[in-house]
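Report on the structure given below.
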Amino acid sequence: FKNGRPDTTRFFTLAGMSQSASISDKDGNLLFYSNGCEVFNNIHQIMPNGNKLNDGDGYHYGCVAPILGYTDAQGIVALPWPKHPGIYKVFHIRFDEPGLPSATLLETIVDMRMDNGLGDVTEKNQSIHQESYLNRIAAVRHGNGTDWWLALPKNRSREILVFLFDSSGVHPPVRQEVSVVPNKGGWGQMNFSPDGSRLIDIMFDQGQLFDFDRCS
């Protein structure tokens, strides 16, 4: 949309998209994307070591035909690693068994300086935090313009867990019991407003809107 009109590219991919995360460079050129099963480069090939994200029961349930995509609605996001040029982290939620609350927040590292600029997965499925989650994760830029916040609602509770992601990695979460009603299990969507001052969480028959401070 940089020229006021959508610049659209159509392509075919082997990645089924039950869920998806993608990221572009500063000029809007696609770098890579993932369906929660594999990481694909911008010529739509699986990156070296980019297979078997979220390996486990959920992978074997959703990442084979006919689904071909990890069956978690909003359980993945890709972000640039602050102060590490060319390196990105993919944060993804793995559930232990299909249909049960997600249990582990994982990270996978993509180095776009490798494979002639097409990128390699250098680390994958590294555990950050274990706890029962909903299948939602949202990210917003920190008020300092460099770091990031990750927000995840805790399953069947009033808590939202907020992680700081900076140049040293991901910090332990801050817990805030702010929900008016307990978060329900199941599909939904969580997102930040463009200026990061609001966080909305929608699920089934209810929605909640929160204030958010990008500095703290």
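The values are calculated or read from the model by the stated rules, or taken from the named source; none is laboratory data. Just so you know, these numbers come straight off a predicted model, no measurement behind them. Here the Cβ is made from the backbone with ideal geometry for all residues, glycine too, and neighbour counts use every protein chain on show. We work out accessible area using only protein heavy atoms, side chains counted, and drop any ligands, DNA or RNA first. Shrake-Rupley method; radii C 1.70, N 1.55, O 1.52, S 1.80 Å.
Placing a pseudo-label 7 Å from each Cα along the Cα-to-Cβ vector at Gln45 and Asp27 gives an inter-label distance of 2.2 nm.
Here the Karplus relation 6.51 cos²θ - 1.76 cosθ + 1.60, evaluated at θ = phi - 60°, turns the backbone of the stretch 64-76 into coupling constants of 10, 4, x, 7, 6, x, 5, 8, 9, 5, 9, x, 8 Hz, with x for every Gly and Pro. Highest-first packing order for the peptide set 27-38, 63-74 is 27-38, 63-74, based on the mean count of other beta carbon atoms within 10 Å.
Can you pull a Stokes-Einstein diffusion coefficient for the chain at 37 °C (0.692 mPa s), Rh from Kirkwood over Cα pairs, as a whole number of µm²/s?
Details: Rh = 17.8 Å.
The calculation lands on 185 µm²/s.
Applying a 4.7 Å Cβ-Cβ cutoff to the chain, the cysteines left without a disulfide-compatible partner are Cys215. Qualifying trypsin sites (Lys or Arg not before Pro) in the stretch 4-54, where qualification requires a DSSP coil assignment and no more than 12 other C-beta atoms within 10 Å, comprise Arg10, Lys26. Under the criterion of Cα pairs below 8 Å and six or more residues apart, the relative contact order for the chain equals 13 percent.
Residue-normalised convex hull volume from the C-alpha trace of the stretch 126-216: 94 Å³ per residue. Checking every one of the chymotrypsin sites (Phe, Trp or Tyr not before Pro) in the stretch 136-201 against DSSP loop status and a limit of 12 other Cβ atoms within 10 Å picks out no site at all. Taking the Cα centre of the chain as reference, the dipole from Cβ charges on Lys and Arg (+1) and Asp and Glu (-1) amounts to some 360 debye. Note on exposure: Arg175, Arg156 ranked by accessible area (1.4 Å probe, complete protein assembly) read Arg156, Arg175, with the most exposed listed first. Computed with a 1.4 Å probe on the full set of protein chains, the accessible area for Ser168 sits at about 90 Å².
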